[in-house]
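Undergrad: After the structure tokens below, expect a handful of questions from me.
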Amino acid sequence: FRTVPDDLVHAARLDGMSEFELVWRVMLPTAVPALFAFAIFSVVWHWNDYFWPLLVISSPELATPPLGTMFFRNEEAGINYGPLMAGTVLITAPLLLLFIAAQKRFIEGVTLTGVKG
């Protein structure tokens, strides 16, 4: 919201916009790229969560994807790398598709969040 010029906010107020309209029609559209970047970072952060679920989850059915990969590994029978890598590809595919779908907005959000106006 800091990147929105004050002149634009003052012009919107002079045009008779309420505070809610100002946020909804002026401020929010300029913040969409930053919100997309935050959403992608948040999803990736929680998707890859490993240590906290390792402490609190006891059944493999409730495991996060990375923890499920560790439950899938079997030390006694040996590690079968084919199915393990196929599972890892299936785990990373949704994140990759999410990034590809929101790539333009994500890059805009990352580049615009550091700009001071």
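The values are calculated or read from the model by the stated rules, or taken from the named source; none is laboratory data. Predicted, not measured: the structure shown is a model, and the values here were computed from it. Here the Cβ is made from the backbone with ideal geometry for all residues, glycine too, and neighbour counts use every protein chain on show. Only protein heavy atoms, including side chains, enter the accessible area calculation; ligands, DNA and RNA are left aside. Shrake-Rupley method; radii C 1.70, N 1.55, O 1.52, S 1.80 Å.
Undergrad: Rounded to the nearest 500, what is the 222 nm mean residue ellipticity of the chain from helices alone, with -39500 (n - 2.57) per DSSP H run of 4+ residues and division by all residues?
TA: Rounded to the nearest 500, the figure is -20500 deg cm²/dmol.
Undergrad: Show me the helices of the chain, taken as full DSSP H stretches, that run 18 Å or more along their long axis by Cα and average 0.0 or above in Kyte-Doolittle hydropathy. Each step should come with its number before you reach the end.
TA: Values: long enough: 28-47 (27 Å, 1.53); 81-101 (30 Å, 1.88).
What comes out of the filter, once short or polar helices are dropped, is 28-47, 81-101.
Undergrad: Using Cα pairs under 8 angstrom and six or more residues apart, how large is the relative contact order of the chain, in percent?
TA: It rounds to 40 percent for the chain.
Undergrad: Now for a different question. On the full set of protein chains, 1.4 Å probe, figure out the accessible area of Ile100 and give it in Å² to the nearest 10.
TA: My reading of the accessible area for Ile100 is about 100 Å².
Undergrad: Here is a follow-up. Give me the distance in nm between label points sitting 7 Å out from Cα along the Cα-to-Cβ direction at Met70 and Met17, one decimal.
TA: Once both label points are built, they end up 4.8 nm from each other.
Undergrad: Return, for the Cα atoms of the stretch 12-105, the radius of gyration and Dmax in Å, separated by a comma.
TA: Here Rg and the maximum Cα pair distance are 20.9, 73 Å.
Undergrad: Please work out the FRET efficiency for the pair Leu95 and Leu62, using the Cβ-Cβ distance as r and a Förster radius of 22 Å; give the result to the nearest 0.05.
TA: 0.65
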